[in-house]
Amino acid sequence: MNEGDIVLAPLPQADGRVKNRPTVLLRRLPPFGDWLVCGVSTQVQQRVADFDELIAPGDPEFENTGLKAASIIRLGFLGVLPETDTLGVIGSISRERHQRLLANLCRHLAA
């Protein structure tokens, strides 16, 4: 697995339930190599401008994502997962989009 891959993984929801959902692998974390991930949601109306990333069927890379509908990559929905908790890669985002996500997250954390 690589940074920018989209994997299925169990993530806790706001109601406390755990649901298998698409997540983007943002970065491996020391010391054990767990992944910092962010959830992907089809609730596009929840997109935070200049923070989250919208990806839709019209985007050139949409076909590579493995997603079935327009979705947002939600930087406000973070988690840390060991690689063994992932259920497999379904697709990936472009290097440019991955870099934008990291830059948005860093900018927010540094503010």
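Nothing in this text is a laboratory measurement; each read-out follows from the coordinates by a stated rule. Just so it is clear, the model here is predicted, and its values are computed rather than measured. Neighbour counts are summed over all protein chains in view; Cβ atoms, including those assigned to glycine, are modelled from backbone coordinates with ideal geometry.
Here are a few things to note about the model shown:
- Considering residues of region 62-89 that are surrounded by fewer than 17 Cβ atoms within 10 Å (Cβ to Cβ) and among the aliphatic types (A, V, I, L, M) only, the residue nearest to the chain's Cα centre (by Cα): L78
- The residues on offer are L11, L67, and the sole one that is of a type in the set (A, V, I, L, M) and in a loop (DSSP other than H, G, I, E, B) is L67.
- Residue that is nearest to the chain's Cα centre (by Cα), among those in region 14-35 that are part of a strand (DSSP E or B), more than 19 Å from S94 (Cβ to Cβ) and of a type outside the set (K, R): N20
Conditions tested, residue by residue: (1) more than 13 Å from G4 (Cβ to Cβ); (2) within 12 Å of the chain's Cα centre (by Cα).
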site	(1), (2)
V37	no, yes
S41	yes, yes
V44	yes, no
F51	yes, no
H108	yes, no
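- Taken as a whole, the structure leaves D50 outside the set of residues that are acidic (D, E) and free of Cβ contacts under 8 Å to residues at least 12 places away in the same chain.
- Residues of region 91-111 that turn out to be in a strand (DSSP E or B) and either without any contact (Cβ under 8 Å) to a residue 40 or more places away in the chain or surrounded by fewer than 16 Cβ atoms within 10 Å (Cβ to Cβ) (or both), as a count: 0
- Among the residues making up region 65-89, those that are touching a residue at least 60 places away in the same chain (Cβ under 8 Å) and closer than 19 Å to D34 by Cα are F77, G79, L81, E83, D85, T86, L87, G88, V89.
- Selection within region 9-61 - surrounded by 10 or more Cβ atoms within 10 Å (Cβ to Cβ) and aromatic (F, W, Y): W35, F51
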